[in-house]
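Notes for the one structure printed next.
The values are calculated or read from the model by the stated rules, or taken from the named source; none is laboratory data. The model shown is predicted, which means the values in this text are computed figures rather than measured ones. Here the Cβ positions follow ideal geometry from the backbone for every residue, glycine too, while neighbour counts run over all protein chains shown.
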Amino acid sequence: MATPVLIDTDMGVDDAVAVTLALYSEEVTVAGIVSVEGNVSLEQATANVGRLLAGLGWPQWPPIGRGLSQPGSLPRADHVHGPDGLGGVNLPTPANLACDDYLSVYERAIDKYGSALVILTIGPLTNVAAVLKHKPDLLSRAGRIVVMGGAVWHKGNVTPHAEFNFHRDPQAAAAVLSAGLPVTVVPLDVTRQVAMDESHVAHLRSSRTRSGELLAEIIRFPLEREIDGVRGKFMVHDATALGLILWPQLFMRANVALEVTATGPQAGQCRPLVAKSGKPTTSVVISVQATDLMENLLERLCREKFVV
């Protein structure tokens, strides 16, 4: 039976890879896609959901929800994803893009699937923290939350202390990780190990599939730029988090007590602590079989059938 997954996304390039991977994976059913500000503005992230689905020619769209922005004026990630979030690819916004409120999409998905539902967050945790605030018991009815975010032992990619998603809304990250919910964190420490290069993009393009050719075009933008001091590689952070749901045998996890710094100059820092009796711990991914995962990603996105 396919696992229902609700995807909460700030829809940049690696988000597009993750969402496409979910759509083409029989192991999961996309129960909904909810936008959040992060890589791009909320309006652009919401439009990008429709742009990607239309670009893929997806026949039956999942419910789409419009989420929230973060307070203040924080830097986005145009240098990674392009001003439009999808590498400047010519994908018009559908004129008939219909969106519900994020909370109603969460409610309907949890009411329908209950403990079978996995919530996959691949952007800032703003929406999840708001659901926790306004409907405190709702998230406890879902099965688990898989979070792409945080840098536990590795340095951050925005500041020396913080990874992008946690840095954009550290208070939300702190609230979600301290709520005692069944959360699995897929941190920057692991996602940085899974990167695409020119050979992978050539594989996508040569597949002659709509998914492979579109993603090859979208990925071109970050691949041609120097990001975090590296040129010619594109880390597929968000697809790695989805990979945990699809192919859990490729990952190793440990239960760790985590603390997120919510304010101040180190906001967004995610620190491992010595677990104390009665204190909640979080499942944290600590390693991944990166070569096998990349092979699986490419084969699935290119509609091949040799997944490990």
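Things to note:
- For region 94-129, the candidate set comprises residues that are crowded, with 16+ Cβ neighbours inside 10 Å and of a type in the set (Ser, Thr, Tyr); within that set, the residue that is nearest to the chain's Cα centre (by Cα) is 121.
- Test: residue in region 80-88 that is free of Cβ contacts under 8 Å to residues at least 60 places away in the same chain and within 29 Å of residue 229 (Cβ to Cβ): yes
- Residue list for region 23-66, restricted to those being touching a strand residue (DSSP E or B) at 6+ places or on another chain (Cβ under 7 Å), farther than 26 Å from residue 208 by Cα and not in a loop (DSSP other than H, G, I, E, B): 31, 32, 33, 34, 35, 42, 45, 46, 64, 65, 66
This table checks each residue for (1) part of a loop (DSSP other than H, G, I, E, B); (2) at pLDDT 95 or above; (3) touching a Pro at 6+ places or on another chain (Cβ under 8 Å).
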site	(1), (2), (3)
105	no, yes, yes
110	no, yes, no
136	yes, no, no
140	no, yes, no
175	no, yes, no
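- Within region 9-34, being free of Cβ contacts under 8 Å to residues at least 60 places away in the same chain and of a type in the set (S, T, N, Q) holds for one residue alone: 29.
- Scanning region 269-286 for residues that are under 17 Å from residue 158 (Cβ atoms), at pLDDT 90 or above, touching an Asp or Glu at 6+ places or on another chain (Cβ under 8 Å) and surrounded by 14 or more Cβ atoms within 10 Å (Cβ to Cβ) turns up at least one hit.
- The one condition in (1) surrounded by fewer than 23 Cβ atoms within 10 Å (Cβ to Cβ); (2) of a type in the set (Ser, Thr, Tyr); (3) under 21 Å from residue 82 (Cβ atoms) that residue 25 fails to fulfil: (3)
- Residue list for region 38-49, filter: crowded, with 23+ Cβ neighbours inside 10 Å and either under 20 Å from residue 242 (Cα atoms) or among the hydroxyl-bearing types (Ser, Thr, Tyr) (or both): 38, 39, 45, 46, 48, 49
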